[in-house]
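Presented below is the structure to which this report refers.
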Amino acid sequence: MTAEKPEAAATDSCEAAARPSTAVGGPAPTTTRDPGPAVEFTAVSRHYPGGVRALDGVGLGIGRGELLAIVGPSGSGKSTLLNLLGTLDAPTSGTVRVFGYDVGALADDQLSALRARWIGFVFQQFHLAPNVYAVDNVADGLLYSGVPARTRVRLALRALERVGLADRAYHRPHELSGGQKQRVAIARAVVGSPRLLLADEPTGALDTTSGETVMRVLRELHGDGVTVVVITHDRELAAALPRRVEVRDGRVVSDSALPGDAPCRTEAGR
Ligand SMILES: Nc1ncnc2c1ncn2[C@@H]1O[C@H](COP(=O)(O)OP(=O)(O)OP(=O)(O)O)[C@@H](O)[C@H]1O
Ligand SMILES: [Mg+2]
């Protein structure tokens, strides 16, 4: 495993947090194309009408193969950040690079292709189609990938096996527990072998045991070289991950990958 230090000796972690870091952990994906970091944010802001600054000048680098938690209070900008990481949204200003591609310079069809091939999403509330077998819910994750239907089912069965649910392939969501539903959602997110898995509160709706199972699956994916970003309110869960990025009022206020990291003061204060 390699761990590059972020550039520049950061005497001020708040200032350093505004620069992209290049912390790298875990095995790298096998590709030899674009060997840069998984994600680089440079001075990224996302404003909404009415003067809401959901993100405000965020700098963040995520190395390939990292597993990290994004934490912060409700409304601090975590989901906004995740949507930008996943190219579901574009910044008002600043640059977002995903696997070396400047997202702002890509056409819509290129963005869709990038998402379909490289990015998987897991949401707090599962978002599974009701009355549809687990295997078909998972296979839907390949709908926009150009994979033929029969292959989609084969890959979906394999993805369910990966999350320990091979024996539930022909169960519908209402026949599954919360933890099992979330594992189906993870199988759907990874069925296309994404390089980057983005999970927004994947354990938020689960009891402790189910949450631990979901985290074990995410760790295994990380072990396989997938870059995994988890938003969580669960401090204990976040503390157990190799890196934590804390967001407050639309800014990154601490990043455990940066040297001498300590939470910065914000105007909102603490
Ligand atoms: N579509 C939108 N239009 C206007 N304001 C928005 C929109 N989406 C989010 N916001 C605002 O941006 C800020 C950040 O929202 P975001 O959803 O990123 O927070 P969050 O950290 O994910 O919170 P939570 O932990 O509650 O999910 C909030 O003040 C929110 O009200
Ligand atoms: Mg959110």
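The values are calculated or read from the model by the stated rules, or taken from the named source; none is laboratory data. Only a predicted model underlies this, so the values are computations on that prediction, with no experimental measurement involved. Glycine also receives a Cβ, built like all others from the backbone with ideal geometry; neighbour counts cover every protein chain displayed.
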I'd like to check something: does region 234-243 contain any residue that is crowded, with 16+ Cβ neighbours inside 10 Å, of a type in the set (A, V, I, L, M) and within 16 Å of ligand 2 (Cβ to nearest atom)? yes
Which number in (1) part of a strand (DSSP E or B); (2) out of contact with any helix residue (DSSP H, G or I) (no Cβ under 8 Å at 6 or more places or on another chain) marks the one condition that Val230 misses? (2)
Residue count, region 206-217, condition in contact with a Gly (Cβ under 8 Å, 6 or more places away or on another chain) and either part of a helix (DSSP H, G or I) or on the phi > 0 side of the Ramachandran plot (or both), comes to 6
Of the residues in region 50-77, those that are part of a loop (DSSP other than H, G, I, E, B) and in contact with a Leu (Cβ under 8 Å, 6 or more places away or on another chain) come to Gly77
Return only the number of the condition from (1) crowded, with 20+ Cβ neighbours inside 10 Å; (2) within 12 Å of ligand 1 (Cβ to nearest atom); (3) within 30 Å of Leu176 (Cβ to Cβ); (4) aliphatic (A, V, I, L, M) that Leu84 does not satisfy. (3)
Output the number of the condition that Thr203 fails; it satisfies all remaining conditions of (1) away from ligand 2 (no atom under 16 Å from the Cβ); (2) touching a residue at least 12 places away in the same chain (Cβ under 8 Å). (1)
Checking the structure you have, find out if any residue of region 103-122 is assigned to a loop (DSSP other than H, G, I, E, B) and buried (at least 19 other Cβ atoms within 10 Å of the Cβ). no
Taking the residues in region 144-190 that are part of a loop (DSSP other than H, G, I, E, B) and polar (S, T, N, Q) as candidates, determine which candidate is modelled with the highest pLDDT. Ser177
Taking Leu198 as the residue in question, decide whether it is away from ligand 1 (no atom under 16 Å from the Cβ) and surrounded by 18 or more Cβ atoms within 10 Å (Cβ to Cβ). no
So Asp136 ticks every box in (1) buried (at least 19 other Cβ atoms within 10 Å of the Cβ); (2) at pLDDT 95 or above; (3) among the charged types (D, E, K, R) but one. Which box is left unticked? (1)
Result of the Cβ filter at 7 Å on region 218-237, keeping first residues that are on the phi > 0 side of the Ramachandran plot and partners that are modelled with pLDDT of 95 or more and not in a helix (DSSP H, G or I), at least 6 apart or interchain, is Gly225/Gly65
Which ones in region 55-75 are under 18 Å from the mean Cα position of the chain (by Cα), crowded, with 17+ Cβ neighbours inside 10 Å and within 16 Å of ligand 1 (Cβ to nearest atom)? Leu55, Val58, Leu60, Leu68, Ala69, Ile70, Val71, Gly72
In this structure, does Thr80 turn out to be in a loop (DSSP other than H, G, I, E, B) and either in contact with an Asp or Glu (Cβ under 8 Å, 6 or more places away or on another chain) or hydroxyl-bearing (Ser, Thr, Tyr) (or both)? no
